Amino acid sequence: MRRQLFHFFLTAVIVLFVFASATAQTPNSAINHYRDGARKVSKGDIDGAIEEYSRAIALSSRLSSSSSASGSPEANAVTVVDPFTAYAYVNRGVARYRKEDFEGALSDFNAALRIKPGLAKAYLNRAAALREFDDLTGALADLNKAISIDSELFAAYTNRGALKHDMGDLAGARQDFDRAITINSSSHEPYYLRGYLKITTTDYDGALADFNIALKLSPQLGLGYQGRGTAFMYKSRFDEALVDFTRAIELDPELTWAYFNRSLTYLVKGEESLAQADFNRCVALRPELKGELERRSLIARQIRARKAER
């Protein structure tokens, strides 16, 4: 029954900037705009970064007279291209992705790959954009391509593992997370992702072990506390689950599933008012979850009633 009670949410999109070396033909002005774009990204000025990368693209490539350096039409109008331009497209695509301009990001990653087809991180990033359009097959193909080009590309394994998890290939997901840990055991990402996978396969003790490592490596990881709280729930360690869900929400007040599962945990413990508060917050964040949370709440009350009869 516990497997039908609690939910967790898993998503991993890891997008990397690609800092490139300029070629001999790259104008210094293009390089300067490129570097200014990177600096603006680091300061959170995403709009400014897009403008800088657009200038770098215009200066490092020869475009038709009808092209615009600020939009996507130039992707098909480039006649002579400095290979440096591909990196500017990748970075502008990442900036657009961060603004949730997924169409613009996809266009930029496509342009980068037309210019430089062997750019592994362009495939990595394009997979993230394709996933936003629910093109899981296309995203998987891009991640496979990225890994075929660079077998040590850590983020490609974490992203592909998360994607395989979503697609139901749990064995393949586990292999990718294990491989990511082999490449970089000091990153928290594959541990917490593998922890969620272990919950899916009912290896709750294994999940707890992975979340503990992830939280040791990244103590401010809200998703880590949310995941560990979920594992605690499946083991009926409800007090510990509540502590972790509360910490997850403190770190990230938008973690919908932390409210979802904390509401159910409160119900099992008989804390109706606290459960209702979390119910309301969860539904405010994700109204489409109301019906599902109502069904799970009924199960939680049934579990509480059976506990009271023992």
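Structural remarks
Each row is one residue, and each column tells you yes or no for (1) within 17 Å of the chain's Cα centre (by Cα); (2) within 20 Å of Asn280 (Cα to Cα); (3) outside any helix (DSSP H, G or I).
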{"residue": "Leu208", "(1), (2), (3)": "no, no, no"}
{"residue": "Ala214", "(1), (2), (3)": "yes, no, no"}
{"residue": "Gly224", "(1), (2), (3)": "yes, no, no"}
{"residue": "Gly227", "(1), (2), (3)": "yes, no, no"}
{"residue": "Phe232", "(1), (2), (3)": "no, no, no"}
{"residue": "Arg247", "(1), (2), (3)": "no, yes, no"}
{"residue": "Tyr259", "(1), (2), (3)": "no, yes, no"}
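- Pair list, Cβ < 9 Å and 6+ apart or interchain, from segment 113-124 residues that are touching a residue at least 12 places away in the same chain (Cβ under 8 Å) and aromatic (Phe, Trp, Tyr) to residues that are part of a helix (DSSP H, G or I) and surrounded by 24 or more Cβ atoms within 10 Å (Cβ to Cβ): Tyr123/Phe109; Tyr123/Asp142; Tyr123/Leu143; Tyr123/Ala146; Tyr123/Ala156
- Any chance Thr246 is at pLDDT 95 or above and surrounded by fewer than 17 Cβ atoms within 10 Å (Cβ to Cβ): yes
- Which listed residue is among the aromatic types (Phe, Trp, Tyr), within 23 Å of Thr137 (Cα to Cα) and modelled with pLDDT of 95 or more, from Phe211, Phe238, Phe177, Phe232: Phe177
- Of the criteria (1) buried (at least 24 other Cβ atoms within 10 Å of the Cβ); (2) without any contact (Cβ under 8 Å) to a residue 60 or more places away in the chain; (3) out of contact with any Lys or Arg (no Cβ under 9 Å at 6 or more places or on another chain), which one Thr200 fails: (1)
- Within segment 173-202, the residues that satisfy the criterion of being within 17 Å of Tyr225 (Cα to Cα) and among the charged types (D, E, K, R) are Glu189, Arg194, Lys198.
- The number of residues in segment 32-55 that are more than 25 Å from the chain's Cα centre (by Cα) and either over 12 Å from Arg96 (Cα atoms) or of a type in the set (Lys, Arg) (or both) comes to 7.
- Within segment 175-200, tally of residues that are out of contact with any helix residue (DSSP H, G or I) (no Cβ under 6 Å at 6 or more places or on another chain) and under 25 Å from Lys235 (Cβ atoms): 2
- Cross-chain or 6+ apart pairs with Cβ under 7 Å, segment 272-292 first and within 18 Å of Ala248 (Cβ to Cβ) and in contact (Cβ under 8 Å) with a residue 40 or more places away in the chain, then surrounded by 12 or more Cβ atoms within 10 Å (Cβ to Cβ) and of a type outside the set (Lys, Arg): none
The values are calculated or read from the model by the stated rules, or taken from the named source; none is laboratory data. Owing to the predicted nature of the structure, the values given are computational and were not obtained by experimental measurement. Using ideal geometry, Cβ is built from the backbone for each residue, glycine included, and neighbour counts are taken over all protein chains shown.
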